[in-house]
Amino acid sequence: MQDVIKITTILEYNEKNPDTPTTLPAELENTPILQDALLYKIAKENKIKIISLEGKNLKHLKDTPLYNENREQYMTSVINEMRGKGYNVIASVGSSHLVNLEKNLENSKNMI
């Protein structure tokens with residue numbers, strides 16, 4: 001999320017300072033992270049609440065086999081908590097998490 005916020009900050013700066021823009025690396029062009037930054041910028045402009053699904057301080061560390069499972073459980077719980085409060089949720093997650101997250105959300109929907 002921090003990288004998306006940094007890119008968004010650069011995009012906002014460039015919009016406000018067209019005479020002295022900060023150049024983004026060419027490698028970012030047409031990448032998912034740039035699209036995330038553009039969506040984040042639009043959401044901020046429209047006062048849409050943004051939360052992170054990073055999962056800081058998880059029980060299992062990144063280098064352990066249970067890390068991704070633990071992280072996906074965290075994502076599921078945050079999404080369900082927001083849905084329970086009546087919010088619509090759009091989650092931008094890495095493709096490696098997509099299948100498991102969809103299964104977790106489907107299973108949790110069936111439990112309600």
Protection proxy ranking, peptides 13-25, 71-83, 46-58, average beta carbon neighbours within 10 Å, highest first: 71-83, 46-58, 13-25
When a/c is below 1.5 the answer is rounded, else prolate if a/b is larger than b/c, else oblate, so apply that to the range 36-112 with a ≥ b ≥ c taken from the square roots of the Cα gyration tensor eigenvalues. oblate
Mind pulling up the Rg/Rh value for the range 1-78? Radius of gyration and Kirkwood radius, both on Cα. 1.09
When a/c is below 1.5 the answer is rounded, else prolate if a/b is larger than b/c, else oblate, so apply that to the range 2-45 with a ≥ b ≥ c taken from the square roots of the Cα gyration tensor eigenvalues. oblate
Distance between Cα centroids, the range 1-76 to the range 87-107: provide it in whole Å. 17
Would you work out which of Pro18, Leu38, Leu61 lies farthest towards the positive end of the dipole of the chain? Charges go on Cβ: Lys and Arg +1, Asp and Glu -1. Leu61
With R₀ set to 25 angstrom, the calculated FRET efficiency between the beta-carbons of Ile51 and Thr20, to the nearest 0.05, is 0.15
Put +1 on the Cβ of every Lys and Arg and -1 on every Asp and Glu Cβ in the range 67-111; which of Asn70, Leu101, Asn88 then has its Cα farthest towards the positive end of the dipole? Asn88
Dividing the helical contributions, -39500 (n - 2.57) per DSSP H run of n ≥ 4, by the residues of the chain yields a 222 nm value, nearest 500 deg cm²/dmol, of -19000 deg cm²/dmol
Fewest Cβ neighbours within 10 Å first, please rank Tyr87, Tyr40 accordingly. Tyr87, Tyr40
Compute the length gained on full extension between Lys44 and Lys62: take 0.36 nm times their separation in residues and subtract their Cα-Cα distance, giving the result in nm to one decimal. 3.5 nm
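All of the numbers you see were taken from the coordinates with simple rules; none came from a lab. The structure displayed is predicted, hence computed values, not measured ones. Note: ideal-geometry Cβ built from the backbone for every residue, glycine included; neighbour counts use all protein chains shown.
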